[in-house]
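Asker: Quick one: the structure is below, questions incoming.
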Amino acid sequence: MDVPSLLDAEPGGGETAVGGFARACAAARESVGTMRALTAEGGSPGREVLGQLEAVALLAREVDMVLARLSREAQRLSDETPGGGLARRHGHRGAADLVASTTGGTRAEAQRLLDAGRALEGVEPAPAASGAGASEDGAADAAGTAVPVPVPAPRHPHVAAALDRLEISVDCATQIIDMLDALEERVEPDRLTRAERELVARARGMSATRFAAVVRRTRAALDIHAHEKSLARMRAGRWVRMHEDRDGMIVLNGRLDPETAAPVRAALDALVGDAMRRSKDAVGEDTRSTDQMRADALAGLSRHGLGCAATDLPLSTVTVVVRVAEKDLHEGLGLGEVDGTSTPVDVATVRRMAADAHLIPAVLGSRGELLDLGRRRRLFTRSQRLALGERDGGCAFCGAPQAWTDAHHIRWWGRDHGLTDLANGVLLCGHCHTTVHTQGWDIHATATTIDFIPPTSVDPARRPRPGGRRRFHAPHGLAARHDPDAEPAPPPDAS
């Protein structure tokens with residue numbers, strides 16, 4: 001049966017908006033069917049495939065916006081109708097269950113659509129009602145002329161605008177919304193607005209998984225007092241369990257707070273990074289997955305700890321850096337960072353960890369520049385690498401752990417006679433190092449920032465893309481100076 005025939009007309013033959021929507025859906029499905037047939041043929045060159053993938057991803061965001069608005073309307077019809085409304089009539093507890101059942105997705109995915117739908121409210125002006133008298137969408141004046149009902153401005157206008165322009169995904173948008181809503185009663189409105197604007201800018205072109213770490217760091221910076229309590233809960237909730245399953249395999253499971261996890265992750269990442277580099281130099285000899293390399297690294301560390309005389313563990317150059325702003329260190333407020341975790345730590349934890357002889361405390365200035373690298377000193381090249389780590393935070397191109405990276409020359413040492421100094425250095429993992437050099441990316445670095453300029457084959461306009469901490473960490477300067485015992489900030493003026 002032809003899809004439009006189901007919904008095109010009322011019994012009297014008058015065309016309805018539902019019928020127009022059905023025709024639009026049918027036309028869209030026909031177009032998608034054409035795309036499916038074309039992709040089934042295969043054989044497209046790589047550059048064409050990437051363009052097609054980008055086009056379809058944009059189309060998927062368009063569909064997500066339709067789903068978000070319809071989900072929000074289903075919620076309104078479910079919540080505002082006596083007796084449970086739409087959801088209850090169809091056997092569901094609420095709108096989230098109704099949307100999940102209809103789309104075939106999870107309840108969490110449905111909730112993200114509902115959140116996006118709420119964010120989009122007020123982005124477009126409500127259409128004026130036509131004809132005399134009051135209507136469902138408007139009120140009537142004394143003369144009987146329909147007057148549109150005012151639509152309130154979006155609660156989060158930067159998120160709403162970016163969603164409507166298809167610049168960010170629903171997942172990234174709802175991460176921002178959840179953070180802003182959770183902090184609304186504790187953080188000043190102007191700081192939340194700035195965070196919203198900067199997070200929207202960060203979300204463009206970033207996966208939702210990587211973006212979650214940026215949001216987590218930003219939330220900690222906006223409400224340090226609450227984050228300190230969260231760190232204490234995490235510390236108290238640390239655990240590791242081991243048991244043997246029916247197949248005789250030993251199963252490890254656990255949860256570690258940032259302070260406990262820092263040396264564990266640093267050591268494992270270093271061993272895995274070394275194995276990856278050796279595998280790259282001997283293609284086909286080491287066929288282990290990254291997870292298998294990590295398992296072998298844990299076994300190697302354990303053998304070493306039991307008194308093994310082996311000296312082949314590449315840990316002599318591994319260092320865990322705990323970093324903090326100079327002002328925060330002196331005032332006792334603010335947050336610090338520890339290599340190996342995206343969760344910030346409080347200043348008390350920074351001071352405690354800095355007392356460990358095997359850690360290096362790094363003190364940063366107001367612009368994030370390195371002021372002091374602590375007590376331990378190694379070879380000059382090692383100190384340079386540590387200084388690069390303060391700017392790049394890991395692979396400056398993709399955000400991979402520092403232990404997986406090497407310090408590379410921006411201007412090649414052999415070809416360009418580039419100097420071995422900080423202004424000419426960048427931390428890159430093996431994959432990104434190959435990508436940057438083989439594809440012809442240019443790099444511009446300062447003491448606190450690094451930008452990657454793509455080749456024309458990637459972006460004809462060659463627009464710079466920020467890298468390092470400026471891309472993968474929280475926006476700078478969001479932390480407030482406040483008394484932890486102070487009353488929460490008043491809610492924004494509703495007027």
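Asker: Among residues belonging to segment 344-385 that are outside any loop (DSSP other than H, G, I, E, B), open to solvent by 70 Å² or more (accessible area, probe 1.4 Å) and farther than 18 Å from P263 by Cβ, point out the one that is modelled with the highest pLDDT.
Answerer: To start, the set of residues in segment 344-385 that are outside any loop (DSSP other than H, G, I, E, B) comprises 345-354, 359-364, 370-372, 380-385.
Checking which are open to solvent by 70 Å² or more (accessible area, probe 1.4 Å) leaves us with 351-352, 371, 380-381.
Applying the additional criterion that residues be farther than 18 Å from P263 by Cβ yields 371, 380-381.
On the way: L371: 72, F380: 32, T381: 59.
So, considering only residues that are outside any loop (DSSP other than H, G, I, E, B), open to solvent by 70 Å² or more (accessible area, probe 1.4 Å) and farther than 18 Å from P263 by Cβ, the one modelled with the highest pLDDT is L371.
Asker: Quick check on this structure: which one of R246, R265, R233 is assigned to a loop (DSSP other than H, G, I, E, B) and either more than 21 Å from the chain's Cα centre (by Cα) or modelled with pLDDT under 90 (or both)? Before you say what the answer is, go through the steps one by one.
Answerer: Numbers: R265 fails: assigned to a loop (DSSP other than H, G, I, E, B); R233 fails: assigned to a loop (DSSP other than H, G, I, E, B).
Among R246, R265, R233, only R246 is assigned to a loop (DSSP other than H, G, I, E, B) and either more than 21 Å from the chain's Cα centre (by Cα) or modelled with pLDDT under 90 (or both).
Asker: Could you check segment 268-293 and list, in sequence order, the residues that are in a helix (DSSP H, G or I) and surrounded by fewer than 16 Cβ atoms within 10 Å (Cβ to Cβ)?
Answerer: Going through segment 268-293, the residues in a helix (DSSP H, G or I) turn out to be 268-281, 290-293.
Listed by number, the residues that qualify are R277, R278, K280, D281, T290, D291, Q292.
Asker: Still on this model: Just to be sure before I move on: is S316 closer than 30 Å to P475 by Cα and either at pLDDT 85 or above or part of a loop (DSSP other than H, G, I, E, B) (or both) in the structure I sent? Can you show your working first?
Answerer: Details: closer than 30 Å to P475 by Cα: no; either at pLDDT 85 or above or part of a loop (DSSP other than H, G, I, E, B) (or both): yes.
Considered against the rule, which asks whether it is closer than 30 Å to P475 by Cα and either at pLDDT 85 or above or part of a loop (DSSP other than H, G, I, E, B) (or both), S316 comes out as no.
Asker: Sticking with this structure for a sec: Restricting segment 38-68 to residues that are part of a loop (DSSP other than H, G, I, E, B) and exposed (fewer than 11 other Cβ atoms within 10 Å of the Cβ), which is modelled with the highest pLDDT? Outline the logic, then answer.
Answerer: Residues of segment 38-68 that are part of a loop (DSSP other than H, G, I, E, B), as a first pass: 42-45.
Imposing the further condition that a residue be exposed (fewer than 11 other Cβ atoms within 10 Å of the Cβ) reduces the set to 42-43, 45.
On the way: G42: 72, G43: 68, P45: 67.
In this case the residue turns out to be G42.
Asker: Given (1) part of a helix (DSSP H, G or I); (2) open to solvent by less than 40 Å² (accessible area, probe 1.4 Å), where does D171 come up short, assuming only one miss?
Answerer: (2)
Asker: Give just the number: which of (1) closer than 22 Å to L298 by Cα; (2) in contact (Cβ under 8 Å) with a residue 40 or more places away in the chain; (3) open to solvent by less than 50 Å² (accessible area, probe 1.4 Å) does P263 not satisfy?
Answerer: (3)
Asker: Still on this structure, please answer the following. Give the residue, chosen from V159, V187, that is β-branched (V, I, T) and part of a helix (DSSP H, G or I).
Answerer: On the way: V187 fails: part of a helix (DSSP H, G or I).
Within the list V159, V187, the selection yields V159.
Asker: Taking segment 103-118 as the search range and keeping residues that are touching a residue at least 12 places away in the same chain (Cβ under 8 Å) and not charged (D, E, K, R), which one is surrounded by the most Cβ atoms within 10 Å (Cβ to Cβ)? Before the answer, list the steps.
Answerer: Pass one, segment 103-118, residues touching a residue at least 12 places away in the same chain (Cβ under 8 Å): 103, 110-118.
The next check asks that each one be not charged (D, E, K, R); those that pass are 103, 110-111, 113-114, 116-117.
Details: T103: 13, A110: 24, Q111: 17, L113: 27, L114: 21, A116: 25, G117: 24.
Step by step, filter segment 103-118, then rank; the result is L113.
Asker: So E188 passes all but one of these: (1) acidic (D, E); (2) open to solvent by less than 60 Å² (accessible area, probe 1.4 Å); (3) within 25 Å of V345 (Cα to Cα). Which condition number does it fail?
Answerer: (2)
The values are calculated or read from the model by the stated rules, or taken from the named source; none is laboratory data. The structure displayed is predicted, hence computed values, not measured ones. Note that each Cβ is placed from the backbone with ideal geometry, even for glycine, and that neighbours are counted across all protein chains shown. Protein only, heavy atoms only, side chains kept; ligands, DNA and RNA dropped before computing areas. Shrake-Rupley method; radii C 1.70, N 1.55, O 1.52, S 1.80 Å.
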